[in-house]
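Have a look at the structure below before the remarks.
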Amino acid sequence: MLKIALIAHDRKKDEMVNFVIAYEHVFDGHKLYGTGTTGQRIMDSTSLEVHRFMSGPLGGDQQIGALVAENEIDLIIFLRDPLMAQPHEPDIIALLRLCDVQGIPCATNVATAELLVRAVDRGDFAWRELVHKYKPGALEC
């Protein structure tokens, strides 16, 4: 079971909902996290459960970032709106930096998201189990 975060800027929320509907069979069985409205819209349109954090501008990006810093997120799909300035841009940049630091795959557009979700469907994310198994503080077998 992977822990997947789903985030979308306002003008990308419809695209995120449609994407999750298309791949609901892949997301089913994984632990999903989302920022406020995005998570709610996904739950309203699918049978999936999403653990919702605050909206992005109110700290939701930072809440997900805290999980990334602890290596507790396996994949992020963050459909960003590159044509619209965001008041919480520093939080967004910090989240993307944390993904790079921790080696967390992060899609920022639907084309990359599709590649990653297809990889999840094929089982290509099994390496994340090793990350969790051998992270500092984990019991060794």
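List the relative contact order of segment 1-101 as a percent without decimals, with contacts defined as Cα pairs under 8 Å and 6+ residues apart.
Value for segment 1-101: 35 percent.
For the chain, what % of the accessible area comes from carbon and sulfur atoms, probe 1.4 Å? Mind dumping the intermediate values first?
Values: 4080 of 7480 Å².
Roughly 55 percent of what the probe reaches on the chain is carbon or sulfur.
What's the extension gain from D121 to R97 if we count 0.36 nm per residue and subtract their Cα-Cα distance? Write out the running numbers ahead of the final one.
Numbers: separation 24, 0.36 × 24 = 8.64 nm, distance 2.61 nm.
So the extension gain works out to 6.0 nm.
By the scheme Lys and Arg +1, Asp and Glu -1, what is the net charge of all other residues having a beta-carbon under 15 Å from that of A119?
Working: positive: R118, R122, R128; negative: D74, E114, D121, D124, E129.
Cβ neighbours under 15 Å give a net charge of -2.
In segment 69-141, which chymotrypsin sites (Phe, Trp or Tyr not before Pro) are in a loop and have at most 16 other Cβ atoms within 10 Å, using DSSP for the loop call? Please report the intermediate quantities before stating the final value.
Numbers: sites: F78, F125, W127, Y134; in loops: F125, Y134.
Sites meeting the loop and neighbour criteria: Y134.
Ignoring ligands, DNA and RNA, what accessible area per residue does the chain give at 1.4 Å, in Å²?
Details: 7480 Å² over 141 residues.
In whole numbers, the chain has 53 Å² accessible per residue.
What's the tally of Lys pairs in the chain whose alpha-carbon atoms lie under 18 angstrom apart, where the two lysines are 8 or more places apart or on different chains?
Numbers: K3/K31; K3/K133; K3/K135; K31/K133.
Taking the chain as the scope, the lysine pair count is 4.
Could you state the number of Å between the C-alpha centres of segment 1-59 and segment 67-141?
14 Å
The values are calculated or read from the model by the stated rules, or taken from the named source; none is laboratory data. This one's a predicted model, so the numbers in the text were calculated from it and none came from an experiment. So basically every Cβ, Gly included, is an ideal-geometry build from the backbone, and we count neighbours across all protein chains shown. With ligands, DNA and RNA removed, areas are computed over all heavy atoms of the protein, side chains included. Shrake-Rupley method; radii C 1.70, N 1.55, O 1.52, S 1.80 Å.
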